[in-house]
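Heads up: the structure comes next, in structure tokens.
The values are calculated or read from the model by the stated rules, or taken from the named source; none is laboratory data. As the structure is a prediction and not an experimental result, all values here were calculated from the model. Cβ placement follows ideal geometry from the backbone for every residue including glycine, while neighbour counts extend to all protein chains displayed. The protein model used for the area step is the full one, side chains on, heavy atoms only, and it has no ligands, DNA or RNA in it. Shrake-Rupley method; radii C 1.70, N 1.55, O 1.52, S 1.80 Å.
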Amino acid sequence: MNRYRTSIVFFGGLLPFIGLAIVGGLLLFGRGKLHAKREAKEALYATYQESAGKAANVEEELAIEGRAEQMAYWDEQLRKEFVQSLTQNLNEITSQFSEEQLVRTEFSRPGTGSALASRTTNPHTRFNLSFEGGFGPMQTVLTELEVRMPQLVVEALQVKPVTDPGPKSKGRLRFDVTYLAWQDYEKSEAP
């Protein structure tokens with residue numbers, strides 16, 4: 001019986017144990033991979049639910065009267081050629097004031113770099129506007145311009161009294177405004 005004992009132990013005990021260990025290891029490895037895939041999919045689903053909730057909130061906000069139309073108007077404004085749109089909007093806004101109330105005196109590009117946008121890679125342009133007139137009309141112009149053109153940001157605003165002698169200059173102010181206009185990525189990346 002000694003002669004067969006080694007074969008019986010090897011083929012009857014050790015070999016099946018090794019086979020079961022390999023199969024058990026493969027099962028544990030497969031279970032671990034399935035568990036990792038499940039966690040990844042649950043994380044993606046949670047991200048999807050969060051995004052869907054945010055999208056629903058945006059849709060709810062846009063459903064408030066006039067907001068969707070305002071967003072459509074702003075998208076349309078962003079697609080227009082910038083200088084033409086700016087000039088048209090300025091002309092429409094300032095047309096409600098007489099030359100005694102407010103007059104545009106300058107439209108130029110600044111020679112210096114932007115303090116606000118110089119550290120970003122976002123495409124932008126800068127321009128200066130100068131006006132002479134009263135404080136109320138100027139507030140109206142600045143507010144209306146920013147409502148009509150959402151890509152504009154006031155970078156600098158200086159207000160000084162007009163020092164020219166004369167009857168028309170009494171009580172008038174000079175407004176120097178530097179604007180930063182963010183550009184559309186899609187237009188700037190196009191070849």
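Placing Asp164, Asp75, Asp176 in order of accessible area, with the largest value first and a 1.4 Å probe, yields Asp164, Asp75, Asp176. Along the positive direction of the dipole of the chain (beta-carbon charges: Lys, Arg +1; Asp, Glu -1; about the Cα centre), which of Ser7, Ser130, Ala55 reaches farthest? With unit charges placed on the Cβ atoms, the residue in question is Ser7. For Lys160, the solvent-accessible surface with a 1.4 Å probe is about 100 Å², rounded to the nearest 10. Full extension of the segment from Gln77 to Thr143, taken as 0.36 nm per residue of separation minus the current Cα-Cα distance, would add 22.2 nm.
The listed residues Ile93, Ile8, once ranked by accessible area (1.4 Å probe) with the largest placed first, stand as Ile8, Ile93. Between Ala40 and Leu27, the simple label model (points 7 Å from Cα in the Cβ direction) yields a spacing of 2.5 nm.
Computed from the C-beta positions of Ala68 and Asn128, the FRET efficiency with R₀ = 35 Å rounds to 0.55. Size descriptor for the chain, Kirkwood hydrodynamic radius: 23.2 Å (Cα pairs only, one decimal). Each label was represented as a point 7 Å from its Cα along the Cα-to-Cβ direction; for Leu20 and Val153 these points are 6.9 nm apart.
Ordering His35, Gly66, Ala46 by the projection of their Cα atoms onto the charge dipole of the stretch 29-68, which places +1 on the Cβ of Lys and Arg and -1 on the Cβ of Asp and Glu, puts His35 at the extreme positive end.
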